[in-house]
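The values are calculated or read from the model by the stated rules, or taken from the named source; none is laboratory data. This is a predicted model, so every value here is computed, not measured. Cβ: placed from backbone, ideal geometry, glycine included. Neighbour counts: every protein chain shown. These accessible areas exclude ligands, DNA and RNA; they are computed on the full protein's heavy atoms, side chains included. Shrake-Rupley method; radii C 1.70, N 1.55, O 1.52, S 1.80 Å.
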Amino acid sequence: MKYLAVCEDDLLFQFMRKIAAKPGEVLFLVQDADVVRRIRRQGGSSQSGDLESEATYEKCRLKQAIQVILFVRSSQLRERVYAMVRRLKKEVPILSLSSEKEKASHSKDPFLRQLPLEAIFQEFCAPQLLDTLNRQKVERIRSLFREKDKIHILLQHDPDPDGIGSALALRELLGRNRATTPIVTFGEVTRPENLAMLRLLEIQIDRITRADLHQGGVRLALVDVQPPYFEHPLGRVDLVVDHHPKRVPFPARFVDLRTQYGATSTIFTEYLRAAGMEPSQRLATALLYGIKTDTLFLERGSHIADLDSFTFLYPFANKAMITKMERPSLPREDMEALGRALSRLQFDDGVAFLHVGEIQREDVIPQLAEFCLQIEGVEWAVVSALCQDRVVISVRNVGYVKSAGEIVKRLFDPIGSAGGHRSMAKAVVPLERFKEEFGEVSEKVIREAMLPLITREDSEWEND
């Protein structure tokens, strides 16, 4: 006998059945003879007796056990059994399975370990429940569309790797191709890294107009974005899968929003795993890059699910190709524009403010915000610019301060589109609406609007 399991019934045997049925591995000590018979009928070894009697432990040869497992739900009985076992064999390792904390005095016992029951559930049961739920969602997604339907997978105006990877995964889940299920946007991909991703992975994103949206009965799926992001109604939406907070209610036939996740690519990776689908190198590379960019390599706003999905995808992905995506060539004129902008950088109470002026590429704004956050003493970075008759504001913070998303939503959502997470947020406001509200577009105006909300005490924020 290697293990002595002291328990009240046969529940522990059912959990340990795979090893418990091996001869000489585990002896189950229980109180009831009927339980003994049930365990033996299923191939286990068991004896019954008074769990508080020294004779019982002598009969079951406690001194030969290399470890004792306690699964006694009554705290008083568990304490007495522990004391008995420890008195009879002082240095035998004891594993106590319990939903209650052991006494403080037990912390001095180097051979006692407690495993909370909730930890067992979290480790072994919760992933299976999530997998079952994801499998159900995959079936629901597939049921939304008929074989003859054409589907537009709509992304935000300037698609990023998380949205692009998620769109590829949705198309794979549906068993579709580029002709029947194109990835579309009303804008265009502008950021050099994202253009490199499209080129290296041979991904095509079509630019469409609102007239194209439902032409010929085309169905609509949104990933990494929600209907309120768009300035005009989209009509019927079949699917929305996203990790961003829900700003306002919207109708859709299927919705899966997981704001605790750091990337929408994580959600789609879970879908693929639940469906038993092994991703191709191309798809795994896109999803891995999506998780990496949206979580800053799992450092910002990430969840254990992001790490789990990243670990799953890593062996399938082309890491050398991701390196090429992350280091695209940067035109000289862009470097000069960034240099001129940085000369206008302003600091106020740990907040870096920068208004770039008019630019052609919106992707410069979040890049500058990320850069400014690296400056010594800076906890917040607020970068704004004019882009195609819109005021675009990107906000970043260190993650342990107020929510950037709540601040930009409070200030700018009534006149445009604004929101985000605790450590990153974005606002897009039509130029004329911004001027109506604030008079002009400048670093000074934005600083005076945002700084009081960033620096005010938490109690003032909550009571406002």
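Among the residues making up region 379-413, those that are free of Cβ contacts under 8 Å to residues at least 60 places away in the same chain, open to solvent by 10 Å² or more (accessible area, probe 1.4 Å) and over 26 Å from Glu188 (Cα atoms) are Glu379, Val398, Tyr400, Val401, Lys402, Ser403, Glu406, Arg410, Leu411. Of all the residues in region 1-55, those that are open to solvent by less than 40 Å² (accessible area, probe 1.4 Å) and of a type in the set (S, T, N, Q) number 2.
When each of Gly439, Gly419 is tested for being surrounded by 18 or more Cβ atoms within 10 Å (Cβ to Cβ) and either at pLDDT below 90 or out of contact with any Pro (no Cβ under 8 Å at 6 or more places or on another chain) (or both), the lone residue that passes is Gly419. Within region 340-372, being in a helix (DSSP H, G or I), closer than 17 Å to Ala427 by Cβ and out of contact with any Lys or Arg (no Cβ under 7 Å at 6 or more places or on another chain) holds for Val364, Ile365, Pro366, Gln367, Leu368, Cys372.
Candidates are the residues of region 274-283 that are touching a residue at least 12 places away in the same chain (Cβ under 8 Å) and outside any helix (DSSP H, G or I); the one that is surrounded by the fewest Cβ atoms within 10 Å (Cβ to Cβ) is Glu278. Looking across region 225-273, the residues that are under 25 Å from Leu129 (Cβ atoms), assigned to a loop (DSSP other than H, G, I, E, B) and either acidic (Asp, Glu) or more than 15 Å from the chain's Cα centre (by Cα) (or both) come down to Lys246, Ala252, Arg253. Of everything in region 180-199 that is open to solvent by less than 50 Å² (accessible area, probe 1.4 Å) and of a type in the set (A, V, I, L, M), the residue that is nearest to Leu288 (Cα to Cα) is Met197. Residues that are out of contact with any Asp or Glu (no Cβ under 9 Å at 6 or more places or on another chain) and either among the charged types (D, E, K, R) or within 19 Å of Tyr229 (Cα to Cα) (or both) within region 354-378 comprise Glu358, Ile365, Pro366, Glu370, Glu376, listed in sequence order.
Annotation note: of Ala317, Ala305, Ala352, Ala286, the sole residue that is modelled with pLDDT of 90 or more, open to solvent by less than 40 Å² (accessible area, probe 1.4 Å), over 21 Å from Glu193 (Cα atoms) and within 20 Å of the chain's Cα centre (by Cα) is Ala305.
The condition of being open to solvent by 60 Å² or more (accessible area, probe 1.4 Å), modelled with pLDDT of 95 or more and either closer than 17 Å to Tyr289 by Cβ or of a type outside the set (Lys, Arg) (or both) holds for Gln204. Comparison of Ser48, Ser107 shows that the only residue that is closer than 13 Å to Cys7 by Cβ and among the hydroxyl-bearing types (Ser, Thr, Tyr) is Ser48. The combined condition, being surrounded by fewer than 18 Cβ atoms within 10 Å (Cβ to Cβ), free of Cβ contacts under 8 Å to residues at least 12 places away in the same chain, part of a loop (DSSP other than H, G, I, E, B) and at negative phi, is fulfilled by Glu299. Of all the numbered requirements in (1) more than 32 Å from the chain's Cα centre (by Cα); (2) on the phi > 0 side of the Ramachandran plot, Arg340 misses one, and that requirement is (2).
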